[in-house]
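To start, the structure itself, in structure tokens.
The values are calculated or read from the model by the stated rules, or taken from the named source; none is laboratory data. Predicted, not measured: the structure shown is a model, and the values here were computed from it. Every residue, glycine as well, gets a Cβ built from its backbone with ideal geometry; the counts of neighbours run over all protein chains shown.
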There are 2 protein chains.
Amino acid sequence: MSLEEFSSNYGDVTLNELQSTADPKAGKWREAVEGKEWTDVSDLVEEMAGSEVLIRGRINRLKSSKVLFLILRQSGFTVQCVAKQSEETDVMIKYLKQLSCESFVDVIGVVVIPKDPVKGTTQQVEIQMRKVYCVNKALTRLPITVEDAARSEEDIEKSLKDNKKAAPRVNQDTRLNNRVIDIRTPANQAIFRLVCHVENFFREKLLSKAFVGIHTPKLMAGSSEGGSAVFRLECKGQPACLAQSPQLHKQMAICGDLRRVFEIGPVFRAEDSFTHRHLCEFVGLDVEMEIHKHYSEIMDLVDELFVFIFTSLNEKCKKELEAVGKQYPFEPLKFLEKTLRLTFEEGVQMLKEAGVEVDPFGDLNTESERKLGQLVLEKYNTEFYILHRYPTAVRPFYTMPCADNPLYSNSFDVFIRGEEIISGAQRVHIPEVLEKRAGECGIDVKTISTYIDSFRYGAPPHGGFGVGLERVIMLFCALNNIRKTSLFPRDPQRLTP
Amino acid sequence: MSLEEFSSNYGDVTLNELQSTADPKAGKWREAVEGKEWTDVSDLVEEMAGSEVLIRGRINRLKSSKVLFLILRQSGFTVQCVAKQSEETDVMIKYLKQLSCESFVDVIGVVVIPKDPVKGTTQQVEIQMRKVYCVNKALTRLPITVEDAARSEEDIEKSLKDNKKAAPRVNQDTRLNNRVIDIRTPANQAIFRLVCHVENFFREKLLSKAFVGIHTPKLMAGSSEGGSAVFRLECKGQPACLAQSPQLHKQMAICGDLRRVFEIGPVFRAEDSFTHRHLCEFVGLDVEMEIHKHYSEIMDLVDELFVFIFTSLNEKCKKELEAVGKQYPFEPLKFLEKTLRLTFEEGVQMLKEAGVEVDPFGDLNTESERKLGQLVLEKYNTEFYILHRYPTAVRPFYTMPCADNPLYSNSFDVFIRGEEIISGAQRVHIPEVLEKRAGECGIDVKTISTYIDSFRYGAPPHGGFGVGLERVIMLFCALNNIRKTSLFPRDPQRLTP
């Protein structure tokens, strides 16, 4: 092959070629890929040795000695591509060397099994490059690098020990400011796939139990369930607000005979608190269902559903969990096949015996919750449990009081690793009782008349619960910040990107 | 059995019993249901003849002659329960007669096969009532009745013919004002299950093709993609707005290497227009994906995805489609196994040949779209087709112009029964071209700098599309109003219930 002929084996793809041209002769890239299929990097395995493949990915890294090494990355997966120096490849290698990291390239090459195992790539084959085309160029200097963003604390400590100088650490805020680059790290690629899996498992189990997925409105007249944490706006001259939960509408769906419903959708809270576990917008997983005679029917579902989600994550998402653990090491969640249930009174007693005095008719604060989590772990060897029969005083007005003692209610919270993740209860479905409870809680009954009226047209006993999707993966993987499991998080200080 | 003993066989369930009491002796209902399982009305079949069942449902209707007939309804399913007059049952029948329609009752009775087929119920067995308890009472006078709300136009016409007086027709607005009752009709029970099925089929197909489900924020700094149809609000002192689509963030997810993403979530449009097909809030089904070389890859997906959805609806949702058709008769959607693709130019030509002149570089109005739908149906025998290569001038600035003619773009719309349902395109992934296009469209580049910057860090060729979930079922079932497929619709005049 002449040098001139070889020059058609590399170069920049032209805009015209990328505009979906149908002309196979539009350019050298277009000609080179004609009739070829692309192979995913994650599919490159030893069985393919000897065959030619076409792959697209980002330049993760370029190294050159006698041989040019191009580490190609696609999602979290990497493969080493090589070009040996020769008279022919000389100009191609020069061309490659000037390409910036994160640029997209199409590589046509042959799969080979290297003599020594490749270190630092996920795939254990190598690609001998025949042709390389740059599909899209990244800026030479990026605000953060994927390499820095992917570094674990352990690696940073190691670099300090080895080189007397710590390798760069990208802080949470810088990550979020450059989220488009940050989410390219193997850990983040895994996290957002895990979030999707949780949603899938959640839906799968509920659909198998005759639940119907619904969508309730986020734009509400007036001020939602009230309170200060409401985003207010104006709709065509009317005062309106964003739903703080699908509570009222999911109950109305039950009054509308949908019997068992779930909703997955955004929930808006104008929180002032800037904590590791609160967002102004998160994805709510909400459930509401008819019950026949006892709120334990709801806890039975929580039990079965979450044991199914955790088990499925462990069984079906091994690669993703491994990728997360590599950057953020964590111990697998300890949970029982049959979820532990304690009453609030029993919890208070356990705390008391451990020297922590709490108000038996008040709520637990974050610290007591953590402490109780520890005690439960020691005594029952589980980091996932249900605490039920909460004091009526600390639950919303629509919570059904207990039959035997109105100071307690048919409600529950669920904890993972000492943090509350689920809140649920049997609801009051009798309008007169609902009105009375609202009054006792200082709520003007007139402002919620549509809601209360829904129960006048015949309503079944029912209950439900709500979970934050981002919290499930945060706590399952013991991550330290809810912003790590929200793709583009929103908090009191952040509305971008 | 003495009359006194028999009196434990009927009556109102007490509040105490409904508060999840654990005491099996708490009341006569609690004692009667102890150890029993509830059977769904839809599960009552002839094979169960002779066995005793416990069922819960609403009183759909009460009729009495020598025998008392109680039609019990659960979701869209109905069964006839009977009590023969006797000395014993006399008081029970009196008790039953005073119960209001839509009240919930628990019936314990024996399944029998009636001599004559039962008319007007979905189940073909009868229940001989032994015990009946009222779980919850509905008001005696309801704002609308389920019977009226479930009546078809055909039945109304028939009543006029038979009785010289039309049976009541519940108009759309009254339905929505009393949505909790309205959604109890068999047609509505079916519609909201169909909506859920569409979502399930959509997810199933995309997940099988390595798509990742994501959630992007609805709270945005500034003013979204701009335009007047934006809901504005304030977030902690900052101007903000509600996302009009996940467009920018789904593209950023692609720049973040998620490769193929979909999102199902609310989309907010501060529409002024009050039409049969627009809502201020609807559920968007959004897709964005890397493409290798041609935007036809996106159309291929649309084709496969929607043919799958339509086929699955027809095969797996027969009962639901039948229930809808009973109240709102419709012809099954005509679609091809391989979806027809026409270019915009071809569409314009077809219209021209039919005597309809349209601007070859303008958009089609609703009327031309309908007309073209008719022409396509006549010529190709399909009510579902793709129209692609739209004029660049009528598409958003981020649409990729065609390689061979910049006046056309790599974009498409998809139509069902003459109405646009999907809009999609290849996007401009090159920041310089994007800036130029934004400028040409009169958009201040500074206001979308975060978006444009996302493409500076390396971006793959990509594209996607968006669909309104409510429109899919509306058009598949040829319903005349989008409000029929939205559980609690929001339009310029409606923010409640």
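Report those helices (runs of 4 or more DSSP H) wholly inside the range B:239-347 carrying at least 3 residues which are within 13 Å of another protein chain (Cβ to nearest Cβ). First the steps, then the outcome.
Values: elements: B:247-255, B:296-316, B:318-327.
Here the list reads B:247-255, B:296-316.
From the list A:K161, A:K165, A:K205, exactly one residue is part of a helix (DSSP H, G or I) and either touching a strand residue (DSSP E or B) at 6+ places or on another chain (Cβ under 6 Å) or not assigned by TED's automatic domain parsing to the domain that holds A:L321 (or both). Which is it?
Working: A:K165 fails: part of a helix (DSSP H, G or I); A:K205 fails: either touching a strand residue (DSSP E or B) at 6+ places or on another chain (Cβ under 6 Å) or not assigned by TED's automatic domain parsing to the domain that holds A:L321 (or both).
Result of the check over A:K161, A:K165, A:K205: A:K161.
Taking the range B:146-191, which residues are of a type in the set (A, V, I, L, M, F, W, C) and within 19 Å of B:T496 (Cβ to Cβ)?
Step one: filter the range B:146-191 for residues of a type in the set (A, V, I, L, M, F, W, C), giving B:146, B:149-150, B:156, B:160, B:166-167, B:170, B:176, B:180-181, B:183, B:187, B:190-191.
Scanning the range B:146-191 gives B:A149, B:V170, B:L176, B:V180, B:I181, B:I183.
In the range B:69-88, which residue that is touching a Lys or Arg at 6+ places or on another chain (Cβ under 9 Å) and surrounded by fewer than 21 Cβ atoms within 10 Å (Cβ to Cβ) is nearest to A:K293 (Cα to Cα)?
Ranking the candidates gives B:I71 first.
For A:L407, only one of the following conditions fails: (1) among the hydrophobic types (A, V, I, L, M, F, W, C); (2) closer than 26 Å to A:A240 by Cα; (3) surrounded by fewer than 18 Cβ atoms within 10 Å (Cβ to Cβ); (4) within 14 Å of chain B (Cβ to nearest Cβ). What is its number?
Going through the list (1) among the hydrophobic types (A, V, I, L, M, F, W, C); (2) closer than 26 Å to A:A240 by Cα; (3) surrounded by fewer than 18 Cβ atoms within 10 Å (Cβ to Cβ); (4) within 14 Å of chain B (Cβ to nearest Cβ), A:L407 breaks only (2).
Any idea which residue in the range A:266-278 is farthest from A:A253 (Cα to Cα), counting only those that are modelled with pLDDT of 95 or more and of a type in the set (A, V, I, L, M, F, W, C)?
A:F268
Go through the residues of the range A:334-351 one by one and say whether even a single one is hydroxyl-bearing (S, T, Y), more than 20 Å from A:N410 (Cβ to Cβ) and at pLDDT 95 or above.
Of the range A:334-351, the ones hydroxyl-bearing (S, T, Y) are A:339, A:343.
Right, trim to more than 20 Å from A:N410 (Cβ to Cβ) and you get none.
No, the range A:334-351 contains no residue that is hydroxyl-bearing (S, T, Y), more than 20 Å from A:N410 (Cβ to Cβ) and at pLDDT 95 or above.
Can you tell me which condition A:G50 does not meet? The list is (1) exposed (fewer than 13 other Cβ atoms within 10 Å of the Cβ); (2) at negative phi; (3) modelled with pLDDT of 95 or more; (4) of a type in the set (G, A, S), and all the others hold.
(2)
Here is a list: A:I113, A:I108, A:I181, A:I127. Which entry is modelled with pLDDT of 95 or more, over 22 Å from A:E37 (Cα atoms) and of a type outside the set (D, E, K, R)?
Working: A:I113 fails: over 22 Å from A:E37 (Cα atoms); A:I108 fails: over 22 Å from A:E37 (Cα atoms); A:I127 fails: over 22 Å from A:E37 (Cα atoms).
Only one candidate qualifies: A:I181.
May I ask you to list the residues in the range B:202-214 that are more than 8 Å from chain A (Cβ to nearest Cβ) and surrounded by 20 or more Cβ atoms within 10 Å (Cβ to Cβ)?
Of everything in the range B:202-214, those that are more than 8 Å from chain A (Cβ to nearest Cβ) and surrounded by 20 or more Cβ atoms within 10 Å (Cβ to Cβ) turn out to be B:F202, B:L206, B:F211.
Is there any pair linking a residue in the range B:179-191 that is more than 7 Å from chain A (Cβ to nearest Cβ) to one that is among the aromatic types (F, W, Y) and part of a helix (DSSP H, G or I), with Cβ under 6 Å and at least six apart or on different chains, and which?
none
For the range A:488-497, how many residues are buried (at least 24 other Cβ atoms within 10 Å of the Cβ) and of a type in the set (A, V, I, L, M, F, W, C)?
Kept after step one, since they are buried (at least 24 other Cβ atoms within 10 Å of the Cβ), are these residues of the range A:488-497: A:488, A:490.
Within this subset, residues satisfying the condition of being of a type in the set (A, V, I, L, M, F, W, C) are A:488.
Adding up the residues that qualify gives 1.
Name the single residue, out of those in the range A:227-238 being farther than 19 Å from B:P266 by Cα and either assigned to a loop (DSSP other than H, G, I, E, B) or more than 9 Å from chain B (Cβ to nearest Cβ) (or both), that is modelled with the lowest pLDDT.
Just the residues of the range A:227-238 that are farther than 19 Å from B:P266 by Cα, to begin with: A:227-229, A:237-238.
Checking the rest, the ones that are also either assigned to a loop (DSSP other than H, G, I, E, B) or more than 9 Å from chain B (Cβ to nearest Cβ) (or both) come to A:227-229, A:237.
Working: A:G227: 64, A:S228: 69, A:A229: 86, A:G237: 83.
The selected residue is A:G227.
Taking the stated definitions as given, is B:T174 among the polar types (S, T, N, Q), more than 25 Å from A:A270 (Cα to Cα) and either more than 11 Å from chain A (Cβ to nearest Cβ) or outside any helix (DSSP H, G or I) (or both)?
Values: among the polar types (S, T, N, Q): yes; more than 25 Å from A:A270 (Cα to Cα): yes; either more than 11 Å from chain A (Cβ to nearest Cβ) or outside any helix (DSSP H, G or I) (or both): yes.
Yes: the conditions hold for B:T174.
Check off (1) assigned to a loop (DSSP other than H, G, I, E, B); (2) within 14 Å of chain B (Cβ to nearest Cβ) for A:I108 and give me the number that stays unchecked.
(1)
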